[in-house]
1. Could you work out how far helix B:110-121 tilts from the main Cα principal axis of chain B, as a 0 to 90 degree angle to the nearest 10?
2. Using mean Cβ contacts within 10 Å as the protection proxy, how do B:13-20, B:169-176, B:109-116 order, highest first?
3. If packing is taken as the average number of other Cβ atoms within 10 Å across a peptide's residues, how do A:145-152, B:39-46 rank, most packed first?
4. Hey, what number do you get for chain B at 222 nm if only DSSP H runs of n ≥ 4 count, each worth -39500 (n - 2.57), divided across all residues, to the nearest 500?
5. Within 10 Å of each Cβ in B:62-69, how many Cβ atoms from other chains are there, averaged over the peptide?
6. Please average, across the residues of A:221-227, the number of beta carbons from any other chain that are within 10 Å of each residue's own beta carbon, and give a whole number.
7. Exceeding 25 Å between C-alpha atoms, which entries from my cross-link table qualify? They are A:Lys227/B:Lys55; A:Lys118/A:Lys242; B:Lys76/B:Lys177; B:Lys124/B:Lys177; A:Lys118/B:Lys55.
8. Using the Kirkwood radius over C-alpha pairs as Rh, can you work out the diffusion coefficient of chain B via Stokes-Einstein at 25 °C, viscosity 0.890 mPa s, in µm² per second?
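No value in this document is a laboratory result; all are computed from the given coordinates. Please read all numbers here as calculations on a predicted model, not as lab measurements. Counting neighbours? That spans all protein chains shown, and the Cβs are built from the backbone with ideal geometry, glycine included.
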Amino acid sequence: MARLFLLISVFTLSSCAIFGEYRHRHTHTTSLVQFLYPQGKLPLEDKRNPILNLPLRVGLAFIPDRSSKQVISPVLKNTLLENVKASFGSKGYVNEIVVIPEMYLQTSQGFGTLEQIKNLYQLDVIALVSYDQMVNAKDNLLSLSYLTIVGAYIFPGTGYQVNTMIDMAVIDVDSRSILFRAAGTSSSKNQIVAEGYRSQAYRKRQNAEFELAMGQMQGNLIVELTKFEQRLGEKDPNDRIKVKHRKGYTGGSVSLFLLCLLFCMALFKFKYEFRNN
Amino acid sequence: MNSEIINLKISITITFVCTIVMVIFGYENTLLGYNADEFHVWQLITAHFVHYDVKHLITNMLALSLLLYLFPATFKFHLKAMVIAIILIDIYLYFSNVKYYVGYSGLLYVVPGMACYKLFQQKKYNHVVLMISILIFYLAIISPEYRQNQFLIWESLEQAHFLGFFSGILSEFTNRKLQLNSRSNLAFLQ
């Protein structure tokens, strides 16, 4: 009887581990398209060209994770957004950057919500960060030790790999179009842990990978911002994005023309004085 | 002291002050520039020494050096003209709908303003006409065109430039009056 009890216990407590190699996949995704068009319907309005009033007021937010289990800690998300804010902050054409709390976007979706946020914070554009993270877990030979239960806490029999992709799209809410986007990816090689610590290790690695991808995205964002700046600076009449200066922002400056004129005059004076002396 | 050395000193002092302000407080310090939404009294003075970026600072300082070389001015009179320009530009900023203003160029124009009045006194009317024509041509045609072709978040405030020029004329005019008064007083005493 005791032997039978032991056998049943081993079978039930070791769950699937005894049925051979165990593979598992977790995916956490926040989709930009799904957030902007929750019903999948496209608006019937005519498309307008984006008009940017410089300097810009930018809103920065994560597309909320709607799954019951939130993998990335809100504190980390906030820290990462503050880092992105610093990348934007050095740009002269950006006046203010506001980090929008995730809960503001939690309950409703679509451009309607973005418009409400835009009016609430008096924003010009909103940068939305979406991500896709996949964890592939695979057991190795050592996972047989999980049969002993104690082995699940001692032997590293589970290997896992985390792939993360982060995408940031800067959206002009009025024209409902994307101005530019930047992405970052990260991938960790197989990390091996004991089954007993798997969930903790996953979470730690997921956060670390998220941070890495965000760092890469930030680097790409600086490149994209420079490209965007150049594009606006070219003032191509065929460019659909138009720039306007916000009224009342003034300064005292001299143009290159005046500088050249003054330089020529100074050169002329110098030559004249040199001849006379 | 040689007027050129004095002008060099004025130019270096102003460039030094503006650079120090930029290094310590950064480019877009909203507390130092004239900010109608967040107004502080010190902004009436500091706004003239703050710049949007390095390019903005360099062009203004280079223009100041060249102007002082072309139209030498004594330190005392230059300072007086600058004070008048600051007062006039600040009055304009306060009563206009300007939200934000930074830059030295308003004060830059006091140098040609002073020179213009001096030339007028020397009865070199051709020079005066040429100078005013260049100024009007630049501020009315070249400057707005330049603004259109540049990717700037702000627009050049031509009114500040005109006020700077006018301050230079006003300063030289009062200097001349004071000199004449002191001469007549001296003659009266003798």
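1. 20 degrees
2. B:109-116, B:169-176, B:13-20
3. A:145-152, B:39-46
4. Numbers: 9 runs with 133 residues, N = 190.
Using -39500 (n - 2.57) per qualifying helix, the result is -23000 deg cm²/dmol.
5. On the way: counts 4, 8, 2, 2, 11, 5, 1, 5.
That average works out to 5.
6. Details: counts 0, 0, 0, 0, 0, 0, 0.
Neighbouring Cβ atoms belonging to other protein chains average 0 per residue here.
7. Values: A:Lys227/B:Lys55 20 Å; A:Lys118/A:Lys242 19 Å; B:Lys76/B:Lys177 16 Å; B:Lys124/B:Lys177 19 Å; A:Lys118/B:Lys55 33 Å.
With Cα atoms farther than 25 Å apart: A:Lys118/B:Lys55.
8. Numbers: Rh = 17.6 Å.
Once the numbers are plugged in, D ends up at 140 µm²/s.
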